[in-house]
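Scroll down for the structure; my scribbles are underneath it.
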Amino acid sequence: MYIEGYSLRKCAEQLNGEVTHVTLFYWRHKILAALKQIPTEAFQGIVEMDETYFLYSEKGKRNIVERKPRKRGGKAKYRGISNDQVCVLVARDRQKMTYSGVLGRGRIRTTKLDEAIGIHISESNVLCTDSWRAFSSYANSKGLAHYRFKSDGKQRVKGVYHIQNVNSYHSRLKKWMDRFNGVATKYLQHYLAWFLFKDSKEYENTSSNKKNMLVKSCLFTVAETNTKLRLSAYSC
């Protein structure tokens, strides 16, 4: 059920109502809190990097004062990239080693890039990104060879250099996330870890992968209690 990404209520139905969807919520996030601790190894060779955005959400919170509650995900108040959007960075090498993380609200910043992937990248890597200036500033500061691709799509490939792999990952991630009709931003990193694990297993809903997911989740200490999960808040 976790591999498939079923809703909590459907999971409860599959268990014949013996476990409530509320209990399953806490079980889910305790497992995901462990999976998000799986480390990203150092990148090799060409590294494709690009950002994508999710709508800032306080799903599940009562008495929202800043705006009217949205329904089924909703839409941003402003057009384009604003603080209504949460930036997610994905960096991926050609061996499929992948970093996927929440960087904050609004446009991506160079300082956030270094905090996110600085320990995973070296001067031996070649960086491929879109044309956003934060990527250029970061590549220059690190002395990285850098290939840029404009969003107009006129030139998608320069020899072996492109960002098609990371864009494909974005597409799969967004399609998978659609089933949840928006997720609370404070839990977004959990869902990114969930999809990363699922994607690395090539969508195989096998007994081996299910066991592997549970074993992986037991390798890390999880400090989140039910109370901490319920009262946690997103901070950028």
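Okay, here's what the table says:
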item: Region 94-183 - accessible surface per residue (Å², probe 1.4 Å); result: 55 Å²
item: Of 190, 177, 145, farthest towards positive along the dipole that unit charges on Lys, Arg, Asp, Glu beta carbons give region 136-195; result: 145
item: Long-range amide H partners of residue 105 with built H, under 5 Å; result: 87
item: Unsatisfied cross-links (Cα-Cα over 23 Å) in the set 30/59; 142/216; 59/175; 112/211; 36/175; 36/198; result: 142/216; 112/211
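The values are calculated or read from the model by the stated rules, or taken from the named source; none is laboratory data. Computed from a prediction, not measured in an experiment: that's the story for all the values here. Counting neighbours? That spans all protein chains shown, and the Cβs are built from the backbone with ideal geometry, glycine included. Accessible surface is based on the protein model in full, side chains and every heavy atom, while ligands, DNA and RNA are left aside. Shrake-Rupley method; radii C 1.70, N 1.55, O 1.52, S 1.80 Å.
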